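This is the structure, below, for whatever I ask next.
The values are calculated or read from the model by the stated rules, or taken from the named source; none is laboratory data. These figures come from a predicted structure and were not determined experimentally. No Cβ is skipped: glycine too gets one built from the backbone with ideal geometry, and neighbour counts run over all protein chains shown.
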Ligand SMILES: NC(=O)C1=CN([C@@H]2O[C@H](COP(=O)(O)OP(=O)(O)OC[C@H]3O[C@@H](n4cnc5c(N)ncnc54)[C@H](O)[C@@H]3O)[C@@H](O)[C@H]2O)C=CC1
Ligand SMILES: O=P(O)(O)OC[C@H]1O[C@](O)(CO)[C@@H](O)[C@@H]1O
């Protein structure tokens with residue numbers, strides 16, 4: 001049986017990547033930092049994926065086990081035997097995974113000679129490259145040659161909304177997911193074969209990653225930050241608010257203009273994709289909390305992420321992205337106390353001032369047009385809704 005090692009046994013790990021790997025005939029070894037989650041997986045040796053729609057479906061995932069990230073002996077064995085390694089740990093945790101993989105890949109090099117593909121499945125542009133660079137950065141020539149010849153590092157775009165929804169579960173590790181999913185994998189970077197049911201191998205991945213990161217994740221973050229500001233708990237409630245939906249659709253139009261210019265994608269293809277995303281947000285089954293979708297705002301408001309990237313692309317073609325900037329401004333008003341990164345931004349606004357904080361998070365110059373527009377929109381939104 002084909003063997004997969006997956007780092008990050010969370011929502012996406014179990015609800016999407018693990019689900020499709022199992023359906024493709026892989027035996028899955030999950031690796032996680034949570035001892036409780038590792039014990040739970042080894043205790044039950046299976047879990048259910050609950051597909052949230054009008055007639056809820058349940059699909060079982062079996063042939064699984066789990067290893068704790070510090071269990072060096074078993075992790076080493078799993079890496080040596082693996083046919084595929086995937087991650088869904090959060091883009092900010094990729095570098096630490098890469099560093100851990102170095103020694104295990106050196107042991108693999110000395111013991112086995114079969115192709116291996118490593119794929120990061122994160123909401124970030126070219127996340128697999130981040131992982132690959134952290135594996136190679138201190139390597140000697142022999143190791144670098146081995147990695148470049150024997151290991152494929154395809155980038156991916158992963159899309160399935162997997163909320164932390166509170167529903168009746170048979171097992172504590174069951175996971176509830178939206179009905180939709182899309183997994184695009186960079187064909188040219190694969191070594192040997194990767195056959196995953198439901199995943200699509202694409203020649204040019206960049207348009208897929210940027211379309212998803214801007215039109216889904218960017219729209220999602222905009223809905224989340226404005227929804228939080230107006231006191232909504234769930235995405236499906238916030239997207240029904242006309243003021244919010246108007247800004248979200250406007251930001252999708254701006255991002256679509258940038259995408260169509262950069263990747264020569266037909267406008268009506270992007271419009272169809274964008275309106276399907278809004279329909280997905282409206283699903284009342286997901287009960288997706290705005291504070292999950294808006295989590296870690298320092299990452300989501302950063303210069304290389306889902307809002308600033310399309311904003312800069314618009315500005316470069318002479319368009320001031322008014323709606324995208326409302327989403328970014330709302331992100332700086334996201335003062336959710338349970339989110340350490342949201343608290344970091346609010347502390348900085350108090351200590352450094354608004355303009356310095358926006359510059360620190362987004363990478364924009366303080367005197368830039370985009371930053372000054374964000375400041376204006378921040379003040380407008382705060383005046384109108386900032387009572388929280
Ligand atoms: N939840 C969703 O709807 C989607 C999430 N994603 C992306 O998938 C990734 C994971 O997201 P979720 O599954 O929602 O988060 P999650 O928090 O449910 O799962 C992350 C898992 O990774 C584990 N983890 C964290 N650092 C680790 C490390 N250094 N070593 C091993 N395990 C580690 C955590 O213990 C947790 O179990 C993120 O990059 C996210 O952006 C992508 C598409 C959809
Ligand atoms: O996982 P992140 O990047 O923190 O943000 C959550 C986003 O990812 C998604 O899981 C979809 O990719 C959505 O739930 C949301 O847009």
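Consider residue 46 against the criteria (1) buried (at least 16 other Cβ atoms within 10 Å of the Cβ); (2) over 19 Å from residue 75 (Cβ atoms); (3) away from ligand 2 (no atom under 16 Å from the Cβ): it satisfies all of them except one. Which criterion is unmet?
So residue 46 meets the others, but not (1).
Could I ask something else about it? Does residue 102 satisfy being more than 30 Å from residue 277 (Cβ to Cβ) and surrounded by fewer than 22 Cβ atoms within 10 Å (Cβ to Cβ)?
Here the answer is yes, as residue 102 does meet what is asked.
Residue 248 fails exactly one of the following numbered conditions: (1) more than 20 Å from residue 321 (Cα to Cα); (2) within 16 Å of ligand 2 (Cβ to nearest atom). What is the number of that condition?
It is condition (1) that residue 248 fails.
At pLDDT below 95 and either within 15 Å of ligand 2 (Cβ to nearest atom) or touching a helix residue (DSSP H, G or I) at 6+ places or on another chain (Cβ under 9 Å) (or both), is that true of residue 243?
No: the conditions fail for residue 243.
Right, another one. Might you check whether a residue that is within 16 Å of ligand 2 (Cβ to nearest atom) and either buried (at least 20 other Cβ atoms within 10 Å of the Cβ) or free of Cβ contacts under 8 Å to residues at least 60 places away in the same chain (or both) occurs anywhere in region 51-71?
Yes, region 51-71 contains a residue that is within 16 Å of ligand 2 (Cβ to nearest atom) and either buried (at least 20 other Cβ atoms within 10 Å of the Cβ) or free of Cβ contacts under 8 Å to residues at least 60 places away in the same chain (or both).
A follow-up question, please. Read through the list (1) under 17 Å from the mean Cα position of the chain (by Cα); (2) over 19 Å from residue 156 (Cα atoms), then give the number of the only condition that residue 39 fails.
(1)
Provide a single number: the residues in region 124-136 that are within 16 Å of ligand 2 (Cβ to nearest atom) and out of contact with any strand residue (DSSP E or B) (no Cβ under 8 Å at 6 or more places or on another chain).
Of the residues in region 124-136, 3 are within 16 Å of ligand 2 (Cβ to nearest atom) and out of contact with any strand residue (DSSP E or B) (no Cβ under 8 Å at 6 or more places or on another chain).
On the basis of being at pLDDT 95 or above, within 16 Å of ligand 2 (Cβ to nearest atom), outside the structural domain of residue 221 (by the TED database) and more than 15 Å from residue 12 (Cβ to Cβ), does residue 93 make the cut?
Judged against the criteria, residue 93 is not a match.
While we're here: Out of (1) in contact (Cβ under 8 Å) with a residue 60 or more places away in the chain; (2) in a loop (DSSP other than H, G, I, E, B), the odd one out for residue 139 is which?
(1)
Select, from 211, 160, the only residue that is in contact with a strand residue (DSSP E or B) (Cβ under 9 Å, 6 or more places away or on another chain), outside the structural domain of residue 56 (by the TED database) and in contact (Cβ under 8 Å) with a residue 60 or more places away in the chain.
211
Which condition does residue 145 not pass, out of (1) surrounded by 13 or more Cβ atoms within 10 Å (Cβ to Cβ); (2) in a helix (DSSP H, G or I), if it passes all the others?
Of everything listed in (1) surrounded by 13 or more Cβ atoms within 10 Å (Cβ to Cβ); (2) in a helix (DSSP H, G or I), residue 145 misses just condition (1).
Return a yes/no flag: does region 32-44 have any residue that is within 26 Å of residue 190 (Cα to Cα) and away from ligand 1 (no atom under 13 Å from the Cβ).
No, there is no match, as no residue in region 32-44 is within 26 Å of residue 190 (Cα to Cα) and away from ligand 1 (no atom under 13 Å from the Cβ).
Among (1) touching a residue at least 40 places away in the same chain (Cβ under 8 Å); (2) farther than 30 Å from residue 60 by Cβ; (3) crowded, with 22+ Cβ neighbours inside 10 Å, there is one condition residue 175 misses while meeting the rest; what is its number?
For residue 175, the exception is condition (2).
Now, a different point. Under the condition of being within 13 Å of ligand 1 (Cβ to nearest atom) and in contact with a helix residue (DSSP H, G or I) (Cβ under 6 Å, 6 or more places away or on another chain), which residue from region 147-167 is nearest to residue 133 (Cα to Cα)?
My answer is 157.
Residue 20 - would you say it is in the same structural domain as residue 118 (by the TED database), within 16 Å of ligand 2 (Cβ to nearest atom) and at pLDDT below 95?
no
Follow-up question, since we're still on this one. Within the group 137, 200, 170, which residue is modelled with pLDDT of 95 or more, farther than 30 Å from residue 43 by Cβ and away from ligand 1 (no atom under 15 Å from the Cβ)?
Answer to the selection: 200.
Checking residue 63 against (1) within 15 Å of ligand 1 (Cβ to nearest atom); (2) closer than 25 Å to residue 199 by Cα: exactly one of these is not met. Which one?
The failed condition is (1).
Somewhere in region 272-294, is a residue farther than 26 Å from residue 11 by Cα, away from ligand 1 (no atom under 16 Å from the Cβ) and surrounded by fewer than 16 Cβ atoms within 10 Å (Cβ to Cβ)?
For region 272-294, residues farther than 26 Å from residue 11 by Cα, away from ligand 1 (no atom under 16 Å from the Cβ) and surrounded by fewer than 16 Cβ atoms within 10 Å (Cβ to Cβ): present.
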